[in-house]
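The values are calculated or read from the model by the stated rules, or taken from the named source; none is laboratory data. Treat the numbers as computed from the prediction; the structure is a model and nothing was measured. Cβ placement follows ideal geometry from the backbone for every residue including glycine, while neighbour counts extend to all protein chains displayed. To get the accessible areas, we keep the full protein, side chains included, count just its heavy atoms, and leave off ligands, DNA and RNA. Shrake-Rupley method; radii C 1.70, N 1.55, O 1.52, S 1.80 Å.
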Amino acid sequence: MAVERTFTIIKPGALQRRLVGEIISRFETKGFRILGMKTLKIPKEIAEEHYKEHVGKSFYKPLLSYMTSDPAVVMVLERENAVESLRKLAGATNPDSAEPGTIRGDFGVTTKKNIVHASDSLESAVREIDIFFNKNEIINYSDSLKEWY
Ligand SMILES: Nc1ncnc2c1ncn2[C@@H]1O[C@H](COP(=O)(O)OP(=O)(O)O)[C@@H](O)[C@H]1O
Ligand SMILES: [Mg+2]
């Protein structure tokens, strides 16, 4: 299976609820390498670009105001089959349908205030990483886990 990069946003609600550590722990224990990570209050234009596929939908405006309300953590993650693996780890969009054991299944309360974003395809991942990260903010490194024991 190919090594891929994917993109996640730990959304403002997760910071407010002090769940960032729990969520990052799940990424790490699932074997994702963190190549880039930063905290920012997402500017409106950036949120619009990120969620442009949803323009005009009923939840679009509330989604933008939620995403820009408070800081979020954005990350570039790498592992084999990263895109599909992260979507599975995040769980279904509606937390009521998300399986227990997934991030949304365990911590999500409402769809509107979803606590994580995960890219839905390799193309989306490339596009979204480019929106949020400069090249020099992504550090590529090899997996030397075995050497640490
Ligand atoms: N029916 C809905 N009602 C309220 N908010 C929604 C709804 N559908 C989606 N959203 C919000 O918009 C975000 C983007 O939606 P979408 O791309 O369809 O889901 P996902 O985050 O699983 O990729 C969701 O994470 C959620 O916060
Ligand atoms: Mg989506």
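Some points to look at:
- Total formal charge among the other residues, if their Cβ is under 10 angstrom from that of V109, Lys/Arg +1 and Asp/Glu -1: +3
- For the stretch 9-48, the calculated P(r), taken from all Cα-Cα distances in 10 Å bins from zero up to the bin holding the longest distance, is 24, 49, 25, 2 percent.
- With a cut-off of 13 Å between beta carbons, the residues surrounding K11 carry a summed charge of +4, where Lys and Arg count +1 and Asp and Glu -1.
- Residues V74, V3 ordered from highest to lowest accessible area at a 1.4 Å probe: V3, V74.
- Helix 122-132 vs. the chain, principal-axis angle (Cα, 0 to 90°, nearest 10): 80 degrees
- Extension gain, K146-V126: 0.36 nm per intervening residue step, less the Cα-Cα distance, totals 4.3 nm.
- In the chain, the longest principal axis of the Cα atoms and the axis of helix 20-29 are about 40 degrees apart.
- Per-residue SASA remark: L122, around 80 Å² accessible (1.4 Å probe; ligands, DNA and RNA not included).
- Here the chain is treated with +1 on each Lys and Arg Cβ and -1 on each Asp and Glu Cβ, and its dipole about the Cα centre works out to around 480 debye.
- Among beta bridges identified by DSSP and lying wholly in the chain, the antiparallel ones come to about 95 percent.
- Radius of gyration, Dmax [the chain; alpha carbons; angstrom]: 14.9, 52
- Other residues whose C-beta falls under 12 angstrom from the C-beta of K52 contribute a net charge of -3, scoring Lys and Arg +1 and Asp and Glu -1.
- Using the rule -39500 (n - 2.57) for each DSSP H run of four or more residues, divided by the residues of the chain, the 222 nm mean residue ellipticity is -10000 deg cm²/dmol.
- In order along the stretch 110-117, the Karplus-derived 3J(HN,Hα) couplings, from 6.51 cos²θ - 1.76 cosθ + 1.60 at θ = phi - 60°, round to 10, 5, 4, 10, 3, 9, 9, 10 Hz, and Gly and Pro are given as x.
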